[in-house]
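Working notes, structure below.
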Amino acid sequence: MIDKTAYRQAMDLSDEQLLHYNAQIMLPEIDVSGQQKLLAAHILIIGVGGLGTVAALYLAAAGTGQLTLADPDQVELTNLQRQISYNYAMQGEAKVNACQKTLNALNPEVSLATIESSLHGELLERTISQADIILDCTDNLKSRFEINKTCFKYAKPLVCGAAIRWEGQLSVFVPADKDSPCYQCFHNPDSRLNQSCSANGVLGPVVGVIGSMQAIEAIKLITGAGELLIGQTLLFDALSLQWQTMQVSPRTGCEICGQRV
Amino acid sequence: MKITLKCFAFLAKHLPVYAKKNAAEVELQEGTSVNNVIDMFQIDREDAYLVILNGVFVCGEDRDTTLLNEGDTLALWPEVAGG
Ligand SMILES: [Zn+2]
């Protein structure tokens with residue numbers, strides 16, 4: 001337990017908050033100041049499916065000040081194998097509303113906003129520009145390219161997760177960091193691939209691992225703890241339980257991130 | 001020359017039968033490019049979406065001109081975009 005009295009003058013956390021977030025405040029890299037940053041942060045989660053529900057649970061539990069959830073879909077029976085913010089009785093409800101209910105029950109302190117829609121164009125721009133950090137938890141390349149482009153336009157850090165079958169992928173892109181590539185530096189916008197977990201299959205805990213790691217990187221971005229996964233992408237093969245780190249530099253001439261001065 | 005070829009996820013089935021833990025040492029002729037290796041093991045070039053040479057991503061345009069050297073490790077991963 002942290003010594004409450006030692007901290008009390010220097011901060012605005014209530015006794016209940018100190019108790020609630022005690023386990024992470026004890027970590028010297030987070031401490032009270034990190035918790036205050038978390039309580040002041042606004043994170044946008046685009047897609048509350050397998051990745052987004054898991055990241056949202058951890059970020060709400062950690063006391064993120066504001067979470068905005070965006071997703072156009074309703075909860076279906078097939079989602080329940082991996083999208084763990086939902087339960088059997090929530091079938092048919094809008095995912096953003098169901099997720100909001102679960103998160104609110106988990107931590108009523110978090111301010112929750114929902115957008116029951118796919119984010120594109122002007123709506124995507126406005127939503128991204130209002131958030132501090134963006135989590136890409138979508139299931140298609142078209143959205144991923146547009147989110148990447150918009151995050152670079154508004155200079156917002158982007159934590160990208162992806163998972164399919166037994167494989168996962170994690171990247172962090174920070175427009176303000178010259179060493180940071182972008183999603184388009186190593187993904188082909190003309191790719192034939194458009195993968196959905198419902199069409200290709202996915203193991204629940206695989207999306208859970210990647211969604212959890214998105215939450216880790218978001219917390220590090222907010223609190224400044226540790227080293228971020230910049231200039232690298234982590235690849236996970238659950239079948240052999242192996243991780244690989246792939247170094248990626250900003251690609252010369254990249255139309256998204258090559259314009260930075 | 002010898003290199004280590006690693007294939008992950010559903011690409012693993014393209015590795016020689018003696019492969020262990022997704023990796024196999026393979027013998028190549030001098031001047032073999034990354035794309036030559038992908039073709040040699042009958043992997044669809046689009047399936048070898050992420051190509052990693054000694055830990056560094058090799059982009060599509062460089063896969064014909066990037067030649068392998070003794071002791072290199074070449075890893076191939078399929079695309080992952082679901083969520
Ligand atoms: Zn780029």
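Laboratory data are not the source of any read-out in this text; all were calculated from the coordinates shown. The shown structure was predicted, so the numbers you read here are calculated from the model rather than taken from an experiment. A quick note on method: Cβ atoms are made from the backbone with ideal geometry, for glycine too, and the neighbour counts reach across all protein chains shown.
Structural remarks
- Test: residue in the range A:212-233 that is among the aliphatic types (A, V, I, L, M), under 24 Å from A:Lys142 (Cβ atoms) and within 12 Å of another protein chain (Cβ to nearest Cβ): no
- The range A:72-96, residues that are farther than 21 Å from A:Ala113 by Cα and among the charged types (D, E, K, R): A:Glu76, A:Arg82
- Where strands (runs of 3 or more DSSP E) sit wholly within the range A:143-248, those with at least 1 residues that are within 23 Å of A:Ile30 (Cβ to Cβ) occupy A:158-164, A:167-173, A:232-237.
- Residue in the range B:13-31 that is in contact with a Pro (Cβ under 8 Å, 6 or more places away or on another chain) and under 27 Å from A:Cys185 (Cβ atoms) present: no
- When A:Thr223 is tested against (1) within 16 Å of the ligand (Cβ to nearest atom); (2) crowded, with 17+ Cβ neighbours inside 10 Å, exactly one condition is not met: (1).
- For the range B:18-40, a residue qualifies if it is surrounded by fewer than 18 Cβ atoms within 10 Å (Cβ to Cβ) and either among the acidic types (Asp, Glu) or under 14 Å from B:Asp62 (Cβ atoms) (or both), and the qualifying residues are B:Glu25, B:Glu27, B:Glu30, B:Ser33, B:Asn36, B:Asp39.
- Those residues of the range A:147-164 which are of a type in the set (D, E, K, R) and either without any contact (Cβ under 8 Å) to a residue 12 or more places away in the chain or within 14 Å of the ligand (Cβ to nearest atom) (or both), in sequence order: A:Lys149, A:Lys153
- On inspection, A:Leu27 fails the criterion of being of a type in the set (A, V, I, L, M), in contact with a Phe, Trp or Tyr (Cβ under 9 Å, 6 or more places away or on another chain) and surrounded by fewer than 24 Cβ atoms within 10 Å (Cβ to Cβ).
- Subset of the range A:235-261 that is more than 9 Å from chain B (Cβ to nearest Cβ) and free of Cβ contacts under 8 Å to residues at least 12 places away in the same chain - its residue that is farthest from the ligand (Cβ to nearest atom): A:Leu241
- Scope the range A:160-183; condition acidic (Asp, Glu) and facing chain B (nearest Cβ under 8 Å); matching residues: A:Glu167
- The set of residues in the range A:184-203 being more than 7 Å from chain B (Cβ to nearest Cβ), touching a residue at least 60 places away in the same chain (Cβ under 8 Å) and within 15 Å of A:Glu146 (Cα to Cα) consists of A:Gln184, A:Cys185.
- Filter result for A:Glu167 (more than 17 Å from the chain's Cα centre (by Cα), away from the ligand (no atom under 15 Å from the Cβ), surrounded by fewer than 23 Cβ atoms within 10 Å (Cβ to Cβ) and not aliphatic (A, V, I, L, M)): no
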